[in-house]
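Here's the structure, in structure tokens; my notes come after.
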Amino acid sequence: MGVVTRAQAKMMKSQQSGSEELPPRGGRREAGGPDLISLLPDEVLGSIVSLLPIKEGARTQILASRWRPLWRSAPLNLDTCGRSITKAVLSRILSGHWGGARCFNISYSVLGGDSATLDGWLRSPALDNLQELDFWFDSSASPSPLVPHSTLRFSSTLCVAKFKYCKFSDDTAHQIHFPNLQQLKLCSVTISEDSLHAMLTGCPVLDRFELMYGHVGPPRPLMPPAALSFSSTLRVAKFVLCQFPNTAACQVHFPSLQHLELEMVTIWECSLHAMLSSCPALNSLILNYTYGFYKLIINSPKLKRVEMYFGRSEIEIRLDELIVVNAPCLEKLHHRGPYEDSIEISIISAPKLKVLGRITESIFRLELCTTVFNGLHDVRVATVMRTVKVLSLRLEYLNLDVITNFMKCFPCMEKLYIKTYLMDDENFRLHDYKDHLECLDLHLKKLRISYYHGTRSHVEFAKFFVLNARVLESMVLDVEHTKKGYDWWFENQRRQLKLGKRASIGAQVVFTSDDYFDYLKDIHEFSDPCELGC
């Protein structure tokens, strides 16, 4: 081994130090590589910091000396929901910030019913150029706190506004003019009809409007007709806990409305049909516990999704007949009501229908083009619907006759969801089908059975698919939580299901305990990527 002289060692040290990368400005280089983010301009870093929640944004000041002024000068993103923060802390934040604001969201836990303090905050220079404003007073405050007049100073910049549990004075509401406002939400707000009309008129580019009343039983508060005086740009509308006036719904026209949601709303049949006919661009309709009509007729050129949820009611008029007359773009039709709901469904023309559910055993009549189900046990299969890929059923017993009839009607079905209630059917028999079913041979990939008990009839039902579904990828069996920890029970079930003889080698059988499973959330490939997410 050669000897290194002092001169050589000094030269080597000099070469090494010269070849080292100098740490970039703004921070020390970490072991994993250079701090590339600090190479970004201050304006870009400020925008990044402004997107962080309040605490995380403030903590960026400890990263390096260059980061210390960024948070104070970046647009403020102040959201107190779910966070423990006091009025004093909030006041200090506003007084020490000089970068303008992006979002100001104050929950009732901070605000209470203090309208005067909110007024002072809204006048702070830290909120200049505010884009999103959301404040929520305590719902128990009486009388309802007034919306501060200082709200008007954001008229030129505000894009999103949400007001909850407050009162608009006529002076304030009549002066509201938000030329750039795209989203407006009014929740349990006290406002006169003239003021509401003036407010909506002052929002010429409104894209989304939500009107929600407090939780009160029927009869629900009458929605003022002015609430339907939308701009021609509105695409999303949601109404909650109110009653539609008959005349207003018949006189409106929503040329751009794409998503309509009614939740706990009372609306008469003529008004509902008049409203739907006035929405030529509608592609999504959701009716959550909405009453007042016996019949719903769908005749819409662009409607893609219809979801309906109904509960038991002794006093409300509830839907008992659904007719799809002409829906050339309809892909998803979902109806969920009480188990004993004996609704009659007729689908005359829906050439693109992919998702159908939830069909119950107590259904009075189901017509699919010329195929008729008088109940689910008396079936005349005259035509097939090859577009349907997903079917959801709710059955008293697991019945193969019912399932095979649907597989004949929907030969290209890929996903089948079944929710059952009772354990055993004494009349159950395992069918030995000599005629192949196209659905089983070529298409069925996923089967899910909720409330699977592992009894004889349940095992035989599931085993039929294990032995006959040739392209099955997964079978999910939802069992009771009490079965957890009983490994011997699951091993016994797998043995009885004859998994060694499965028709699809790659099929996986999974046991779960998911009481709150929703098949609509499990459907991804059939969702519209442009869905508005309401």
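The values are calculated or read from the model by the stated rules, or taken from the named source; none is laboratory data. Computed from a prediction, not measured in an experiment: that's the story for all the values here. Positions of Cβ are backbone-derived with ideal geometry, glycine not excepted, and every protein chain shown enters the neighbour counts. Side chains included, ligands, DNA and RNA excluded: accessible areas come from the protein's heavy atoms. Shrake-Rupley method; radii C 1.70, N 1.55, O 1.52, S 1.80 Å.
Brief remarks follow.
- Efficiency of FRET from Cβ geometry, Cys329 and Thr190, R₀ 35 Å, rounded to 0.05: 0.30
- Between Tyr486 and His436, the modelled labels are 3.9 nm apart [label points 7 Å from Cα along Cα→Cβ].
- A straight chain from Ser169 to Lys521 at 0.36 nm per residue would run longer than the Cα-Cα distance by 122.5 nm.
- Calculated FRET value between Ala382 and Tyr309, using beta carbons and R₀ = 30 Å, to 0.05: 0.45
- Accessible heavy-atom area order of Glu473, Glu438, highest first, probe of 1.4 Å: Glu473, Glu438
- A Cβ-based charge dipole, computed about the Cα centre of the range 295-408 with Lys and Arg at +1 and Asp and Glu at -1, lands at about 760 debye.
- Accessible surface ranking that places the most exposed of Arg448, Arg494 first, with a 1.4 angstrom probe: Arg494, Arg448
- Anisotropy class of the range 297-395 from Cα gyration tensor, a/c 1.5 cut: oblate
- Three-way shape call for the range 195-311 based on the alpha-carbon gyration tensor, with the a/c threshold at 1.5: oblate
- Near Phe135: Cβ cut-off under 9 Å, other residues only, Lys/Arg at +1 and Asp/Glu at -1. The net charge is +1.
- Counted charge near Val147, where neighbours are those whose Cβ lies closer than 11 Å (Asp, Glu -1; Lys, Arg +1): 0
- Think of the range 340-482 as having a plus end and a minus end, set by charges on the Cβ of Lys, Arg, Asp and Glu; of Ala382, His481, Tyr452, Ala382 sits farthest toward the positive end of this dipole.
- Comparing Gly337, Phe373, Val355 along the charge dipole axis of the range 303-380, the residue lying farthest to the positive side is Val355, per the Cβ-charge model.
- Loop-resident sites, the range 287-320, for trypsin sites (Lys or Arg not before Pro), counting at most 13 other Cβ within 10 Å (DSSP): Arg312
- For Ser192, the shell of other residues with beta-carbons less than 12 Å away shows a net charge of -3, using +1 for Lys and Arg and -1 for Asp and Glu.
- Label-point separation, Ser513 to Ile317 (7 Å along Cα→Cβ), nm: 4.6
- Maximal additional length on extending the Arg92-Ser109 stretch stands at 4.3 nm, based on 0.36 nm per residue less the C-alpha distance.
- Legend: residues His174, His334, sorted from most to least accessible area (1.4 Å probe; ligands, DNA and RNA excluded), read His174, His334.
- Each Lys and Arg contributes +1 and each Asp and Glu -1, all at the Cβ; summed about the Cα centre of the range 110-249, the dipole is approximately 340 debye.
- Rounded if a/c under 1.5, otherwise prolate or oblate - the range 255-324, Cα gyration tensor axes: prolate
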